[in-house]
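Written below as C-alpha cells is the structure these notes are about.
The values are calculated or read from the model by the stated rules, or taken from the named source; none is laboratory data. Treat the numbers as computed from the prediction; the structure is a model and nothing was measured. Virtual Cβ from ideal backbone geometry, glycine too; neighbours counted across all protein chains shown. We work out accessible area using only protein heavy atoms, side chains counted, and drop any ligands, DNA or RNA first. Shrake-Rupley method; radii C 1.70, N 1.55, O 1.52, S 1.80 Å.
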Amino acid sequence: MADTQREAMEYDVVIVGAGPAGLSAAIRLKQLDADLNVVVLEKGSEVGAHILSGAVLDTCGLDRLMPDWKERGAPITVPVKEDNFYLLGEAGKIRVPNFPMPPLMNNHGNYIVSMGNVCRWMAEQAEALGVEIFPGMSCSELVWGDDGRVAGVVAGEFGRNADGSEGPGYEPGMELLGKYVFLSEGVRGSLSKQVIAKYDLAKDSEPQKYGLGMKEIWEIDPAKHKPGTVTHTMGWPLGSNAGGGSFIYHLDNNQVYVGFVVHLNYKNPYLFPYMEFQRFKHHPMIADLLEGGKRVAYGARAISEGGFQSIPQTAFPGGALLGCSAGLVNVPRIKGNHNAMLSGIHAAEAAHDAIKAGRSGDTLTDYDKELKSGPVGKDLKKVRNVKPLWSKYGLFPSLAIGGFDMWTNTMGFSLLGTLGHGKSDAEATEKADKHTPITYPKPDGKLSFDRLTNVAFSFTNHEESQPAHLKLLDPSIPVNVNLPEYAGPSARYCPAGVYEFVGTGEDTKFQINFQNCVHCKTCDIKDPSQNINWTVPQGGDGPNYPNM
C-alpha cells in the first residue's frame, strides 16, 4: 500500500472526527482567524451518525465557545429538573439522598440532550464560519513527515476487495496534510492508538480504563413521562460481578434514554454485559416505566474511565489528542462532553498561536499544559480516586471513601493522594476455570431483546465486499487460546454479536460478522490476548444513529 499514488490537499489544521471536541476546535480556530483553512473528516455517513452519549450536558464548554448558543437555536432545550439516585436490589430499591453528595454531583443547570443532534447543529455553526466538513470519510492511515512528525492523514479510500486487493472501482483516497493534525476520534481511536504507541505518550500515565455503555431510546406512555428527570442506579443486576450502573433520562417528545454501563475490568469471562443490560430492564422500577412503550433505537460504545491519572501526553510532533482520544470523562458525573469541548478550544488556541508565530509540525506543549492544569484538569483531579477505589474495594466502600475524597478535593486536598489503576482491562480478565458460567433469562421481546434484533435498531450497515475492519494479529488465538482458557469471551463482551464460535471439537471456527459492528471498540479493549485490532471500515459504514 505504501507505493499508492494519492493526490494531496494542504490545510492549516486537519481534524479527524466531527464529535464535540473536533467541532469545537474547528469553530474556535475560525473564530480566532477567519483565514485559517480548517477541514473536519468524519467517518460516519453524516455528522452525528456515530455519536452516542448519555447525555446530560454541562454547558460550560459551549458557554465558552458560543455564549449565545440559546439564541442560535442549539438543540439544548430540556433542563434537568429532578436528580434521583438509587441502589437496586433484585426486587426493591433504596433512594440515596442528594444532600450528602459533593456539589460537583449536582445536575442543576445541566440539560438532557442528544449529542448527535448537538453535533449536527455545531457542524452547521462551523460550516457557516467556513470550515470544510467531509462526512463519509474514514481516515485509514497517518501521513508521516520526513522529520518523523504527523503530517496528515489518508482519507476516503474505497473499493478494496475482501482479500485487501484493489477492486474494479478502487479509489486510493487523498492525503490531507496540515500544519497540525487533531485526532478527535473518540474512545480508543485507531490513529490515536498508533500515535500513542509511536511517541510513547502514555509512558508517564496509568493504564487507560474503560466501560461499555449501551443505550436504548424508548417512547413511553405520556402519563409516565417527566421531562427533565435524571435517574442513576447502581447495584443489581451486576452485584459483585462488575462495576457499573444505569442512567434513565427523560427528554422531550415522550422519549426516555435508558442506558447501562459495565466497567470492563470485570474478572469473570462468563459475564455478558449486553444481557446484564437486558435483565436490568426487568427490575420492577424500570419495567413499570417502560411497560406499554416501545424501543425505537439502540447503540453501544466504550467510555474512557481512567480519569486524570490516565491522560497520556496529549501533544505530539505535528498534532494533538482531543476529547475521548485523550480520555477526559468525569466518571462519577458520567460526563465528558464538556471536557471534550474545552479540549478542542485549548487545542485550537495553541495551534492558532503557533501558526501566527510561523511554526508548524512541532509539539504544542502549551495545549498539554493548559489541558491538565486548566478547567479540564481541575474537573478530573477532584474525582481521580473514585474509579480506582471502586475497582479495588467494590461498590459500597467506594461510595463512602470516594464520596469523602471528593468532598476533601472540593476543599482543595486529598488524604489519599492519587491512586493507581494497576492492570489494564484486558489483563483483568481471569481464566474460565476460576469462575462459573452465568445463566441469563431469555429476552421476552417486549422489555428485553436479543442482540441481533437490537442491532437492527442501530441502523448499522457495512459494505460486505470490503476487507473486515476487525483484524486478528494471530488468527489461531481465538480457538486455540481464548476458547479453552477464557471460554471465548468475545462471543459475550461484544454488544452487537460480531464474534461467534461455530462448530464443535476440531471443527470449531472463529467467525467475525463485521457487518454487525457498531464501532464500540470493546473488542480492542477487552480481548484477553489483545489479539483484535479495530480499524476503520470504508467511510459512511457503521451505525446510523438518528438522535443518540
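Details
- Accessible-area order (highest first, 1.4 angstrom probe) of the listed residues Ile51, Ile27: Ile51, Ile27
- Measuring r between the beta carbons of Asn241 and Lys70 and using R0 = 35 Å, the FRET efficiency lands at 0.20.
- Accessible-area order (highest first, 1.4 angstrom probe) of the listed residues Asp450, Asp146: Asp146, Asp450
- Cα-projected label distance for Asp35 with Asn106, points at 7 Å along beta-carbon direction, nm: 4.7 nm
- Remark: the chain carries a charge dipole of roughly 2040 debye about the Cα centre, counting +1 on each Lys and Arg Cβ and -1 on each Asp and Glu Cβ.
- Value of D in µm² per second that Stokes-Einstein yields for segment 488-548, Kirkwood Rh from Cα pairs, at 10 °C (1.306 mPa s): 123 µm²/s
- Mean separation of Cα pairs under 8 Å and 6 or more residues apart, divided by the residue count, gives segment 65-139 a relative contact order of 32 percent.
- Full-extension gain in nm, Arg6 to Lys198, via 0.36 nm per residue minus C-alpha separation: 66.7 nm
- Estimated D of segment 268-365 in µm² per second, where Rh is the Kirkwood radius over Cα pairs and Stokes-Einstein applies at 37 °C, 0.692 mPa s: 193 µm²/s
- A crude spin-label estimate for the pair Tyr393 and Lys446, with each label 7 Å from Cα along the Cβ direction, gives 4.3 nm.
- Set of lysines with alpha-carbon distance to Lys179 below 23 Å, sequence-local pairs under 8 removed: Lys30, Lys43, Lys193, Lys198, Lys356, Lys369
- Calculated SAXS-style log₁₀ I(q)/I(0) at q = 0.27 Å⁻¹ - segment 197-265, Debye, Cα scatterers: -1.11
- Neighbours of Lys387, meaning other residues whose beta-carbon lies under 9 angstrom from its beta-carbon, give a summed charge of +1 when Lys and Arg score +1 and Asp and Glu score -1.
- Stokes-Einstein diffusion of segment 404-479 at 4 °C, 1.567 mPa s viscosity, Kirkwood radius from Cα pairs, rounded to a whole number: 68 µm²/s.
- For segment 198-300, the list of trypsin sites (Lys or Arg not before Pro) that fall in a loop by DSSP and count at most 11 other C-beta atoms within 10 angstrom reads Lys203.
- Expressed as a whole percent, the accessible area of segment 202-248 that falls on carbon and sulfur atoms is 49 (1.4 Å probe).
- Distance violations [Cα-Cα > 27 Å] among Lys281/Lys387; Lys392/Lys471; Lys203/Lys471; Lys93/Lys378: Lys392/Lys471; Lys93/Lys378
- Helix-only CD estimate at 222 nm, as mean residue ellipticity for the chain, using -39500 (n - 2.57) per DSSP H run (n ≥ 4): -7000 deg cm²/dmol
- By a 1.4 Å probe calculation restricted to protein chains, Glu124 has an accessible surface near 110 Å², given to the nearest 10.
- Computed extension gain for Leu472 through Lys378, at 0.36 nm per residue and net of the alpha carbon distance, reaches 29.9 nm.
- When only alpha carbons of segment 169-235 are considered, Rg and Dmax amount to 20.9, 55 Å.
- Shown for the chain are the DSSP H helices of 20 Å or more along their axis, judged by Cα atoms, with a mean Kyte-Doolittle hydropathy of at least 0.0: 395-410.
- Note on surface exposure: Asp12, Asp68, Asp353 rank Asp353, Asp68, Asp12 by accessible area, highest first, 1.4 Å probe.
- Qualifying trypsin sites (Lys or Arg not before Pro) in segment 109-177, where qualification requires a DSSP coil assignment and no more than 11 other C-beta atoms within 10 Å, are lacking entirely.
- The residues neighbouring Gly244, those whose beta-carbon lies less than 11 Å from its own, together hold a net charge of -2 under the Lys/Arg +1, Asp/Glu -1 convention.
- For the chain, the antiparallel share of DSSP beta bridges with both residues in that region comes to about 70%.
- A 1.4 Å probe, protein heavy atoms only, puts the accessible area of Glu291 near 120 Å².
- q = 0.10 Å⁻¹: log10 I(q)/I(0) that the Debye formula gives for the chain, counting C-alpha atoms only: -0.79
- Applying both filters, DSSP loop and at most 13 other Cβ atoms within 10 Å, to the chymotrypsin sites (Phe, Trp or Tyr not before Pro) of segment 340-418 gives Phe413.
- Accessible surface of Ser114 - all protein chains present, 1.4 Å probe, nearest 10 Å²: 10 Å²
- Seen from Thr410, the other residues with C-beta closer than 14 Å to its C-beta sum to a net charge of +3, counting Lys and Arg as +1 and Asp and Glu as -1.
- Computed with a 1.4 Å probe over protein heavy atoms only, the accessible surface of the chain comes to 39 Å² per residue.
- Using C-alpha pairs below 8 Å separated by at least 6 residues, the relative contact order for segment 46-184 is 21 percent.
- Share of carbon and sulfur in the accessible heavy-atom surface of segment 1-159 [1.4 Å probe, %]: 49 percent
- Relative packing of 482-491, 126-135, which averages over residues the other C-beta atoms within 10 Å, highest first: 482-491, 126-135
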